[in-house]
Amino acid sequence: MDTLPHDDLIRVVVTLWAIWHARRKAIHENTFQSPLSIHCFVDKYIAELEQTKPNLMQKQAVQTMAPVWTPPLTGFTEINVDVALSKNSNITVVAAIARDSAGVFLGASAMVLEGIIDAE
């Protein structure tokens, strides 16, 4: 596994999986598949996997737009706040973190609140 290129390893694993599946169907369901149908399935499955890979251009765009923390003026403290709402219940979590102008962590706080359905 360590010596195979990634694309070849994917092809080997998908092929073994398809053969195992065809063998299981033959043994347990008495359904037989031709080698050509197994080969076509492997090619189609790998082609669909390729479509799920992110574009190299999209990946580069995400890397260049990484967020950068802007420190506050000297003598000031920046407090960042975030909220998370549960989809399944009326529970909300509020968190805050404080940093000084050098980026030194000053403190943090989090609260769990019930009965709130709107972040604002």
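The values are calculated or read from the model by the stated rules, or taken from the named source; none is laboratory data. Remember, predicted model here, so these are calculated numbers, not experimental data. Note that we place each Cβ from the backbone using ideal geometry, even for glycine, and neighbour counts take in every protein chain shown.
Results, tabulated for the structure shown:
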quantity: Close pairs from segment 68-88: first free of Cβ contacts under 8 Å to residues at least 12 places away in the same chain and in the same structural domain as residue 105 (by TED's automatic domain parsing), partner surrounded by 10 or more Cβ atoms within 10 Å (Cβ to Cβ) and of a type in the set (A, V, I, L, M), Cβ under 7 Å, at least 6 apart; calculated: 84/93
quantity: Within segment 1-82, helices (runs of 4 or more DSSP H) holding 3 or more residues that are touching a helix residue (DSSP H, G or I) at 6+ places or on another chain (Cβ under 8 Å) and modelled with pLDDT of 85 or more; calculated: 6-28, 35-52
quantity: Extreme residue, nearest to the chain's Cα centre (by Cα), among residues of segment 26-48 that are closer than 13 Å to residue 15 by Cβ and of a type in the set (A, V, I, L, M, F, W, C); calculated: 46
quantity: Cross-chain or 6+ apart pairs with Cβ under 8 Å, segment 15-36 first and in contact (Cβ under 8 Å) with a residue 24 or more places away in the chain, then polar (S, T, N, Q) and in a helix (DSSP H, G or I); calculated: none
